[in-house]
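The values are calculated or read from the model by the stated rules, or taken from the named source; none is laboratory data. Bear in mind that the values here come from a model prediction, so they are computed numbers and not experimental data. FYI the Cβ positions are ideal-geometry reconstructions off the backbone, even for glycines, and counts take in every protein chain you see.
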Amino acid sequence: MHGTLTLLRHSLGRLRGLTAAMTGVMALFQVLLVRVAATFQESASFGKLAAFVPPFVRQMAGEALFSFMSFPGIVCLGYFHPMIIAALCGMVIAAATEPAAEIETRFLDAILVRPVPRRAIVARSVALLLLLPTLVVVAMIAGTSAGLHWFAPPGAQLPGARLIASLAANLWALLVCIGGWSLAVAAAARRRGAAGAIAGVATLVLFLVDYLARAWKPADTLAWLSPFHYFRAVELLTGRPLALSNLIVLLVSGAGGMVLAGVVFARRDL
Amino acid sequence: MPNSSATTVNVAPPAISIRGLTKRYGRTPAVDNLTLDVLPGEIFGFLGLNGAGKTTTIRILLDLVRPTSGAAFVLGHHCRSDGRAARAVIGYLPGEIAYYGDMTGRQVLDLLDRLGIERVKPQLQRRLLERFSLTPEDLGRRLREYSTGMKRKLGLVQAFQADPPLLILDEPTEGLDPLMQEAVYDLLAEVRGRGRTVFMSSHVLPEVGRVCDRIGVLRGGTLALVAHVDEVRSLAPRRVHVTFAADVERPHAAWPPGVELTDAATRRWSLSVRGPLGPLVHLLTALPVADLHVDEPRLEDVVLGYYRDPQAG
C-alpha cells in the first residue's frame, strides 16, 4: 500500500500538467457552452435552427434532434461531443499506458528492484484511472454550474441536476472502461507507442461499430461489444433515466480489464 | 540434548544461491542449468561476453525476469515467491541508468528511498554524495543535464545509500573518470570490510582482478569457470623478459617444460612460463644475463581463454 501511494504521488506529479490542462479546458468549455446556449436562447435561434432541418432528417433523428437543439442540449454538449470524448479517451489511454512507458525506459527496473510488489504498479495505474476521469468530470460539472450561475437567461429551461449527474456518471464509467482495457494492453506491451496505438485504434473501431449500429441493422449484432453502446447521452437528453445496467456493464468491463492487467503484469518478464 | 561428541559447524548460508537455473527465450537458452553460490562477505565477479547470460541472471535475481526452470535465492529468500523480502536486502546498480530526464537527482534518490522498507540514513547518503563529488547543486539539476558519469555516480549512491547486505552492481565503473573509479574501489573495500556481499559484472578484467575475491565466467549461458582470483592468476603464464649483455643464440636443446619463447632478438628474449621459474633460471645461468623482469600473472590471460574456449585451462 505504501509503495502504491508513493508511486501514485509520483505519477500524479508527472501528469499534473496534463491533468490541469484537461480539467481547466473542460471546465472553461462548459462555461462557454452555457454562454453560447444563452446567446441562442436570447435570440430565439433554437426554433429557427429546427426549422432549417429537412423533414427526412427529422424523421431519422426523431425527438433526439430537438432535445439537442435546445438550451439544455447545448449546455450538455461537452458531455457527449465526439471530439471531447476522443480527447478524454486519449487522456485515459495516456495514463493507462504508463506501465509500458516505464518498461520501455527501464524506469521500472529502478522501481521494482526496491521491495515493491508488482501489483503496486497496476494498483497505482488503477487508482490513476479512477482519479483522472473523476477530476475531469467534476471539473465539467463545476464549469456547467458556474456557467449556469453566470449566464443562464431568465426563463430558460435549465438542465436539471439529475440530467447533468447522469451524463457525468455515464461519461465517467465509459472512461473507466476504456482505461481498464488500455491498461490490460499496456500490461502486456514493451513500448508505450505500441500500447497507445493498439488501445487508440481499438477505441476508434469500437466507437465506429456503435456509430454504424445506430443506423445500420447488420452492425447492430456487434454493437453490444462496444462500450459506446452503453453510453446513451442522447437518450438521457430526451428525459429517459440513466440505466443502471449501462453503468454496471461499463464498470464491470473496465474492472475486468484492470484484473487482466494485474494477471498479465504479474506473470510477464520485464 | 546435543551430542557432546559431535562438532557443530556454523556454515553461513550463501548470500546468493542459484540452483539449476534455466531461462529460454523460445528455443534459445539465455541461461542454461546454472548452479552457483556466492558466499557472504565476498566480492564476486560475474564475467562473460555480451549475450553470455549475465544480465538475464541478474534480472532473475531481481525478479524482473522469470526463470524457465530452477530457482535462485538471496540471503535465503526465494527470488520469486519471497521476492519482496529478497529485494529488501539488495542494492542494485543497473548497467543502464534510466530515470525520467525531467526528474532531478534529489527526486530520484528520495523516490527510491521512499520505496524501501527502511529509510536511508542521511549521514550515509551525505558521505556517499561527498565521496562521489555530487553537490547539492548537482542534485537539483534535471537528469537530462547529467553526463553519463554523473548518472553512474547517482546510480551508485542510490544502490549503496540503504547500506544493504547484498549489492548487485552491473559495470560499476563504466563511464567514470579514474578518480571516481578509485572511489568505487575504496567503497567496495569498505563495504566488504563491513561484511557486505558484492556481486558485480564487469568487462574491465584488471578491475576484476583488483577488487574481486572470486570470479565466475559465463559462456553461452553456462558456467565455464568458478575460482578464486588468485587461483585463476596461478593458471596464467608469467611473462619473463630477459636482457643479455652480449649477443646470444637460441639454445639448441629443448626448452624446459612449460617454457615457451614468444619473442627473440639477439640481446632480448620474451618468454611465457607456466609453472615454476627454476628450470628457466637454471638454463639462463649459462648465458650473459644483464637483466631479468617477470610480469605479474594477469587474470585476463586466463579469462580471455575461457571467453574463447570453455575447455581452456
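Worth a mention:
- All positions within region A:227-259 that are farther than 28 Å from A:Phe56 by Cα and of a type in the set (S, T, N, Q): A:Ser245, A:Asn246, A:Ser253
Residue by residue, here is whether (1) among the aromatic types (Phe, Trp, Tyr); (2) under 30 Å from B:Ser69 (Cβ atoms); (3) without any contact (Cβ under 8 Å) to a residue 40 or more places away in the chain holds:
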{"site": "B:Val211", "(1), (2), (3)": "no, no, no"}
{"site": "B:Ser234", "(1), (2), (3)": "no, no, no"}
{"site": "B:Arg238", "(1), (2), (3)": "no, no, no"}
{"site": "B:Val242", "(1), (2), (3)": "no, no, no"}
{"site": "B:Asp263", "(1), (2), (3)": "no, no, yes"}
{"site": "B:Ser270", "(1), (2), (3)": "no, no, yes"}
{"site": "B:Gly275", "(1), (2), (3)": "no, no, yes"}
{"site": "B:Ala286", "(1), (2), (3)": "no, no, yes"}
{"site": "B:Arg308", "(1), (2), (3)": "no, yes, yes"}
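- Residue in region B:204-212 that is closer than 14 Å to B:Val302 by Cα, hydrophobic (A, V, I, L, M, F, W, C) and part of a helix (DSSP H, G or I) present: yes
- Cβ pairs under 6 Å, 6+ apart, first in region B:146-161 and closer than 15 Å to B:Gly95 by Cβ, second assigned to a helix (DSSP H, G or I): B:Leu154/B:Gly105; B:Gln158/B:Leu109; B:Gln158/B:Leu112
- When the residues of region B:226-266 are filtered to those that are closer than 15 Å to B:Asp291 by Cβ, in a strand (DSSP E or B) and not polar (S, T, N, Q), the one that is modelled with the lowest pLDDT is B:Arg239.
- Note on region A:188-270: enclosed helices (runs of 4 or more DSSP H) holding 2 or more residues that are within 14 Å of chain B (Cβ to nearest Cβ) and touching a residue at least 60 places away in the same chain (Cβ under 8 Å) are A:244-267.
- Test result for A:Phe71, among the aromatic types (Phe, Trp, Tyr) and over 30 Å from A:Phe29 (Cβ atoms): no
- Of residues in region A:142-185 being under 17 Å from the mean Cα position of the chain (by Cα) and over 29 Å from A:Thr97 (Cα atoms), the one surrounded by the most Cβ atoms within 10 Å (Cβ to Cβ): A:Thr144
- Residue in region A:29-41 that is within 25 Å of A:Ile198 (Cβ to Cβ), more than 14 Å from every other protein chain (Cβ to nearest Cβ) and either at pLDDT below 90 or in contact with a helix residue (DSSP H, G or I) (Cβ under 9 Å, 6 or more places away or on another chain) (or both) present: no
- B:Gly195 satisfies every condition listed in (1) in contact (Cβ under 8 Å) with a residue 40 or more places away in the chain; (2) farther than 30 Å from B:Arg19 by Cα; (3) surrounded by fewer than 17 Cβ atoms within 10 Å (Cβ to Cβ) except (2).
- The C-beta contact set for region B:85-110 (first residue facing chain A (nearest Cβ under 7 Å), second residue surrounded by fewer than 18 Cβ atoms within 10 Å (Cβ to Cβ) and among the hydroxyl-bearing types (Ser, Thr, Tyr), distance under 8 angstrom, 6+ apart or interchain) comprises B:Ala98/A:Thr105; B:Tyr100/A:Thr105.
- Scanning region B:46-63 for residues that are within 14 Å of chain A (Cβ to nearest Cβ), more than 13 Å from B:Lys23 (Cα to Cα) and in contact with a helix residue (DSSP H, G or I) (Cβ under 6 Å, 6 or more places away or on another chain) turns up nothing.
- Among residues of region B:111-121, those that are farther than 22 Å from B:Lys151 by Cβ and more than 8 Å from chain A (Cβ to nearest Cβ), counted: 3
- Of all the numbered requirements in (1) more than 19 Å from A:Phe228 (Cα to Cα); (2) touching a residue at least 60 places away in the same chain (Cβ under 8 Å); (3) part of a helix (DSSP H, G or I), A:His149 misses one, and that requirement is (2).
- Pairs where the first residue, in region A:108-131, is within 8 Å of chain B (Cβ to nearest Cβ) and the second is among the basic types (Lys, Arg), C-beta under 6 Å, 6+ apart: A:Val113/B:Arg87; A:Pro115/B:Arg84; A:Pro115/B:Arg87; A:Pro117/B:Arg84
- Some residue of region A:91-107 being in a helix (DSSP H, G or I), within 19 Å of the chain's Cα centre (by Cα), under 28 Å from B:Leu169 (Cα atoms) and not polar (S, T, N, Q): yes
- Among the criteria (1) of a type in the set (S, T, N, Q); (2) exposed (fewer than 14 other Cβ atoms within 10 Å of the Cβ); (3) at pLDDT 95 or above; (4) within 23 Å of the chain's Cα centre (by Cα), the one B:Ser69 does not fulfil is (4).
- Scanning region B:13-37 for residues that are in a strand (DSSP E or B) and within 18 Å of the chain's Cα centre (by Cα) turns up B:Ile16, B:Ser17, B:Ile18, B:Leu34, B:Thr35, B:Leu36, B:Asp37.
- Per-region count, region B:64-84, residues touching a strand residue (DSSP E or B) at 6+ places or on another chain (Cβ under 7 Å) and more than 11 Å from every other protein chain (Cβ to nearest Cβ): 9
- Set B:Leu109, B:Leu61, B:Leu21: member being at pLDDT 95 or above, closer than 21 Å to A:Ala110 by Cβ, of a type outside the set (Phe, Trp, Tyr) and crowded, with 18+ Cβ neighbours inside 10 Å: B:Leu61
- Test for A:Thr144: is it touching a Cys at 6+ places or on another chain (Cβ under 9 Å), modelled with pLDDT of 95 or more, of a type in the set (Ser, Thr, Tyr) and part of a helix (DSSP H, G or I): yes
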